[in-house]
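S.K.: Have a look at this one before I ask anything.
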Amino acid sequence: MNKKSKIISITILMTGLAWIWLSRFPVDSIPASLVEAPQVGFSAPDFTLPDLDSQEISLSDYRGSPVILNFWASWCPPCKAEMPAFQKAFQEYAGSDLQIIAINATNQDSIAAVLSFTEEHGITIPILLDQTGFVSKEYLVHSLPTTYFIGKDGTIKEVIIGGPLPLSLLRIQANGLIMD
């Protein structure tokens, strides 16, 4: 390698390192919602969304109760496949303080499709409508379905991305939340 090639290589390397250094985000400039991401061990972000009857529901309404929060859409095959298991778990745990809530990614779906799906399959789980996608973004949902298991203290205990989740896994997670 000749002297000119070495100088060019060093210049490119130094320029790259300078770019990396100058373009980094200082920790204090990153929004808190990105630093304290909704993940295991962190508090679940509170939200308020309308249900299918236009009633406003907040996660904080369920403080003190364990919550299973499922993000889904009516067009999503794994979401559709796991919804009967969520419905069965919802019925089985009706006498406990466990709450099961399905948040529809309505910004990617339609209310008509949600209503049609819930009627056709006899879904009685509380369905909340994330019409702007804000709650999905707040929870960093990049794939549907995504399910959060939240303890009585509001701390996220488990996150499962993908599906369909079998009823047996929902029971294991639900029992863990109830006993916690």
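None of the figures in this text is laboratory data; all of them are computed from the coordinates on show. In this text, all values refer to a predicted model and were calculated from it rather than measured experimentally. Cβ: placed from backbone, ideal geometry, glycine included. Neighbour counts: every protein chain shown.
S.K.: Mind checking the dipole of region 72-180: about its Cα centre, +1 per Lys or Arg Cβ, -1 per Asp or Glu Cβ, Debye to the nearest 20?
M.R.: So the dipole magnitude of region 72-180 works out to roughly 140 debye.
S.K.: Select from Gln108, Gln131, Gln55 the residue whose mean-square fluctuation is largest in a Gaussian network model of the chain (Cα-Cα springs shorter than 10 Å).
M.R.: Per the Cα network of the chain with a 10 Å cutoff, Gln55 tops the list.
S.K.: A follow-up question, please. Can you give the Rg and Dmax of the chain based on its C-alpha atoms, in angstrom?
M.R.: Cα-based Rg and Dmax for the chain come out at 21.7, 79 Å.
S.K.: Mean Kyte-Doolittle hydropathy of 1.6 or higher plus an axial Cα length of 20 Å or more: which whole DSSP H helices in the chain meet both?
M.R.: Length and hydropathy pass: none found.
S.K.: Tally Lys and Arg at +1 and Asp and Glu at -1 over the other residues with C-beta under 14 Å from the C-beta of Gln87: what net charge comes out?
M.R.: With Lys, Arg at +1 and Asp, Glu at -1, the net is -1.
S.K.: What is the sum of charges around Asp153, taking Lys and Arg as +1, Asp and Glu as -1, for the other residues whose C-beta is under 9 Å from the C-beta of Asp153?
M.R.: Charge balance in the 9 Å sphere: +1.
S.K.: Below 15 angstrom from the Cβ of Tyr62, what's the summed charge of the other residues (Lys, Arg +1; Asp, Glu -1)?
M.R.: Net charge around Tyr62: -4.
S.K.: Any chance you could list the semi-axes, whole Å, largest first, of the equivalent ellipsoid that the Cα gyration tensor gives for region 78-150, using √(5λ)?
M.R.: Result for region 78-150: semi-axes of 20, 16, 11 Å.
S.K.: When the Karplus curve 6.51 cos²θ - 1.76 cosθ + 1.60 is applied with θ = phi - 60°, which whole-Hz ³J(HN,Hα) does each residue of region 66-72 get, with x for Gly and Pro?
M.R.: These are the phi-based 3J(HN,Hα) values: x, 9, 10, 10, 10, 8, 8 Hz.
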